[in-house]
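In what follows, a structure is listed as structure tokens, so that the remarks can point back to it.
Quick note: the coordinates plus some simple rules give every number you see, no bench work behind them. In this text, all values refer to a predicted model and were calculated from it rather than measured experimentally. Every residue, glycine among them, receives a Cβ derived from its backbone with ideal geometry; neighbour counts consider all protein chains shown.
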Amino acid sequence: MVPFNILVAVCLGYVILLFLVAFAAERRAERGQTGWLRSPVIYTLSLSIYCTAWTFYGAVGYAARSGLEFVTIYLGPTLVFVGWWIVLRKLVRIGQAQRVTSIADLISSRYGKSNLLGVIVTLICVLAATPYIALQLQSVTLSFGVFASETPEGWALPDQSATALWVAGGLALFTILFGTRNLDANERHHGVVMAIALEAVVKLVALLAVGVFVVWGVAGGIGEVIERIDASPIADWPLKPGRWIGLTFIAGAAVLTLPRMFQVMVVENSDERHLATASWAFPLYLFLMSLFVLPIAVVGLGQMAPGANPDLFVLTLPLSEGRGTLAMLAFLGGFSSATSMVIVASIALATMVSNHVVVPIWLALRQGGARTPGDVRGLVLMARRVSIAALLALGYTYYHLSGGSGALAAIGLIAFVGVAQILPAMLGGIFWRGATRIGAALGLSLGLVIWLYTLYLPSFGPEGVFSATVLAEGPWGLGWLRPQALFGIEGIDPLLHAIYWSFTLNTGAFIVGSLLSFPTPVERMQGLAFVSAFDRDAGARGWSRGGAEAEDLLSMSQGILGAEEAQSFFEAEAGVQGKAGFLPDTTPEFIERLERRLAGAVGTATAHAMIAQFAEGAAVTAQDLLAVASEAQQILEYSTQLEAKSEELARTARALQEANDKLRDLSVQKDTFLSQISHELRTPMTSIRAFSEILMDPELPGELQQRYAEVIHEETIRLTRLLDDLLDLSVLENRKVQLNIKVANLHDLLDKAIQTASNTRPERVFTIHRDASAEHMPVITDTDRLVQVFINLVSNARKYCDAERPELTILARKRGGRVVVDFIDNGSGIPKGAQRLIFEKFSRLTDTQRAGGAGLGLAICREIMANLGGTIAYLPGQGGAAFRVALPVRPETVRTAEAA
Amino acid sequence: MSGRVLLIEDEPHIAEAIRYILARDGWAVASHAEGQGALEAIRREAPDVLVLDMMLPGRSGIDILEDLRADPALSGIPVLVLSANGQGEARMAAEGAGAARFIAKPFANADIVAAVRQMAGA
Amino acid sequence: MTAPKPPKFLARSSYRRRRIIDTARLLPVLGLFIFFLPVLWHPGDTPEPDTARGGLYLFAGWFALIVAALFLARALTRTDVPGSEDDAPGEESR
């Protein structure tokens, strides 16, 4: 016998182990070692969240009540997985191509990025999941109760709802910790997936162990088990054809449409080929989970007291045989089944709620719309955390109100029928181009209403929503509206009744609605992309022309993806176009890719709406679609090779164009260079000459003599500095500079630079934000030169930042072997046209801003960074003027010297 | 000699020098340091001679000169243009725009005085 | 938008792969036959107890289906050219 307090300790230990596994997996993934984290075995094991506590405890109870019927729940999914080539493969392909974040997102994206559909699907899923989560809490609480009642020497079980509350709280904590760490582009959660894979193993091993013990330990082997089955109350198999087929169908549908299954099957999928393994391994898992269900049920029925709850045989059988350790293992198995379901389901639902409800509402409420989105990322993460907590609270409330009664199997089936309502819209969406948003909305809403009316609400019992009278005579005495005998057709099994009517009307409305309505251009495009997911380059582009400003898009994307992510995405895209810097041309292709990238974080509908604010009027029209179609006809004659070549040409042309523009600007600058030098030299010379002539006048008063000598002195210093700068620049440009490589702490270098630069406009109150802990890192470089660059940037900010309360933010970090330091002020920044000229010699932005320099500072900075093997660039879209300095952690020369 | 000179020059030291030179020669010198508001300053001061720098913040000396020539009330004022951009094009541009005299920086103080005297007398 | 004209006859290996894909598509139909056969034999109406026999039949059929799926998945991944589009007509001719 296991004392209850030991059980609690084991339970806590197990939870800590899960935390550690999840944490270790996250750490590995962060370091990019995803190797075996993403193997087909892990993928298959993660699919096992199909088997919840409903399977672990409920299947035996189901078998004890209805014999072999329980197996239909596993036959349906088996058929779907064995037939993976038909549906699953396409779903996964579409999910990856469109960066789908949830099943609601899939439906919304397919039907013209309609958020209405996303909301309907989210609603269905939340309604279906609430009792399901309650069911998991109930099973954990019940299993605790079993141990508590058996062991009076242990702790008394507190209060059943208190136990459930603790479990719900713990699960919320785990899920928030590992499920909302980031807005990963593909919504992948390595830690969570690893943890549920581990739980999958535990529950399988536990159930098999109990099964083996029951067959060979309690009964005397297979032969005796068969004899016992024949002698048991469930010896005969009263197969009801309708239920047999209906349940198989509904289970097959649910495995495709359950939000948690969609999450692990499609969203977390990293490689389409894993499906091939899962196609046989997952049915095998289900097979093994079901193998001993019947023996356990039969032996339990014979062995246990007549009143014993068959839902708990898995636990009570070993306990009654005095096998405390085995019971403990079984307990952990049930605990694993319950927790893994709750974790994944709440992550999947929280994603839907945040992407389809919270963010759209927030966007609609904001005055500025998506143009000034600010920190959407933080909002989304917070929305997800709150949603997770709210879902568990809902589940707990349901459990509390329903009093933890009712057989487990009934609740599970109600949820299955609910989510299965999504099936027509889903299958229609991926196989039928004619399916439209209106059809899908009609079908889904009708299915939802009938499911609620015929199954969900009656499930609360006569004390619940529908009184016994309503059930028997229909609302307001309307007999044909009786919830369990619609249209006066009586005598159908209530579950089948609900399945039959909801599916018939749902599918019917979906088809008729689709046939009668006309899709919008975006719908038609998405329809093509989904249905022809396997054709190369299927679908037209979503945006016909650019029209958006890259800089605006960048600053919006930073609010969603995070600054780092967004900048590297834009930089890479600019690189693909053959451009340097962070601002690619806003071609339709680029906008399309950006939209997908954003969709991975906030869902398709929201991403589309946000982009639409910038590319107003540029969204594709029906005419564009037709144009694309006829264009495509012509392109047919050209081979793909030609296409690739023309793309290459376009890239080269763009690069050439850019080089050309720059050359032209440079030649204009070269022309003015000499006259600028001349001007810069002549100005101090003029003062010097004029005042020296004045000083020659013997009658000049003494105090003026003094003053004019000072002027001459000042001007000679200015002249010297100018000559120094010019000389410095020419040495740097010819790469003849002698570098003095030292090791230093970046933090100290920045300190030094800020100290020195404070001499510039010392009268200004100037706030500098720094993160000292991030700055402590060694740099190996010519530290004096680096400080020179820093001084220049800081004093430029002091000089030119035109904000009322000037602020400068310095961000330092290490990225891919490079030290990156950003200097961002809160002024009005540098206009786009001038951004690429500021690093040229004598390029002062305006003549009014001649604060003593000759316009050589940034040119020198650029040359210094080039000499140090690094770069300096203007960083657009940061709100103010922003410069990024990047240099290798150790210079090239040191590396080669060490290698030698 | 005596009369009013308006000096439009942004470099403070150069302005100071010219003011001293002309003041010692007996001129009343007013000055203005940027391109913006230069025309208003000219109307206000109504100088006998205008000394104008070419490269000014805000508006260039040439622009001011052209506006001046377009305004019949001001077009009579003789203008001495100063430039740090040497001879050649700058001189042509200035004279094309209607400058009476052009002197390149750096200059001899005596040249400035002589030019102003000559222009005021003419 | 149609792809370039697919060839009408394929090389032997590509032909084999297409038939494997056909089998993969048909496998769930076979599963349906296995799993729905008890519906036809009406176990409820027969006098002798069927749960044990029916269970053995179902689990045996289930296992056979899994083994078939295993071999098909092996065959499909072995002949799979990474990155190839299996459904696109004309692709198999490589």
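Taken as Cα centroids, the stretch A:11-72 and the stretch B:31-63 sit 82 Å apart, rounded to the nearest whole angstrom.
Gyration tensor analysis over the Cα atoms of the stretch A:4-357 returns equivalent ellipsoid semi-axes of 34, 24, 18 Å (largest first, whole Å). Once backbone amide H atoms are built at 1.01 Å from N, B:Met55 has B:Gly61, B:Ala84 as its partners under 5 Å, excluding neighbours fewer than 5 places away on the same chain.
Coupling constants for the stretch A:123-134 follow from the phi torsions by the Karplus curve (6.51 cos²θ - 1.76 cosθ + 1.60, θ = phi - 60°), and in residue order they are 4, 4, 5, 5, 4, 6, 7, 4, x, 5, 5, 4 Hz; glycine and proline get x.
Taking other C-beta atoms within 10 Å as the exposure proxy, A:Met685, B:Met119, A:Met194, A:Met777 rank A:Met777, A:Met685, B:Met119, A:Met194 from fewest upward.
The phi torsions of the stretch A:77-90, fed into the Karplus equation with coefficients 6.51, -1.76 and 1.60 and a -60° offset, translate into couplings of x, 4, 4, 4, 6, 4, x, 4, 4, 7, 10, 4, 4, 5 Hz, rounded to whole numbers, with Gly and Pro shown as x. Stretching the chain fully between A:Val765 and A:Ala410 yields a gain of 120.8 nm (0.36 nm per residue, less the alpha carbon separation). Cβ crowding within 10 Å ranks A:His400, A:His776 as A:His776, A:His400, fewest other Cβ atoms first. Taking a sphere under 14 Å around the Cβ of A:Leu75 and counting the other residues whose Cβ falls inside, with K and R at +1 and D and E at -1, yields a net charge of 0.
Extension gain, A:Val205 to A:Ser758, is 192.2 nm, computed as 0.36 nm per intervening residue step minus the present C-alpha separation. Model label points for A:Glu733 and C:Thr23, set 7 angstrom from Cα along the Cα-to-Cβ axis, are 7.3 nm apart. Given R0 = 30 Å, the distance between the Cβ atoms of A:Ala231 and C:Val67 translates into a calculated FRET efficiency of 0.40. Here the label points at B:Arg4 and C:Trp41, each 7 Å from Cα along the C-beta direction, are separated by 12.1 nm in the simple model.
Taking 0.36 nm per residue of separation and subtracting the current Cα-Cα distance, fully stretching the chain between A:Glu647 and A:Met382 would add 91.2 nm. Using R0 = 30 Å, the C-beta based FRET efficiency linking A:Ser667 and B:Met92 works out to 0.85.
The eigenvalues of the Cα gyration tensor, multiplied by 5 and square-rooted, give the stretch A:670-793 an equivalent ellipsoid with semi-axes of 39, 21, 13 Å from largest to smallest. With a simple spin-label model that places each label point 7 Å from the Cα along the Cα-to-Cβ direction, the separation between A:Met696 and B:Ser75 comes to 4.1 nm.
A simple rule links phi to the HN-Hα coupling: the Karplus curve 6.51 cos²θ - 1.76 cosθ + 1.60 with θ = phi - 60°, which for the stretch A:561-574 gives 8, x, 4, 4, 4, 4, 4, 6, 5, 5, 5, 5, 5, 4 Hz, with x for Gly and Pro.
Its alpha carbons considered, the stretch A:319-361 gives a radius of gyration followed by a Dmax of 18.1, 57 Å. Near A:Val819, the amide H atoms lying under 5 Å from its own belong to A:Leu887, A:Val889; only residues 5 or more places off or on other chains count, and H is placed 1.01 Å from N. Step through the table entries A:Lys742/A:Lys814; A:Lys645/A:Lys832; A:Lys662/A:Lys841; A:Lys579/A:Lys662, compare each Cα-Cα distance with 20 Å, and write down the pairs that go over it. Cα-Cα > 20 Å for A:Lys645/A:Lys832; rest within.
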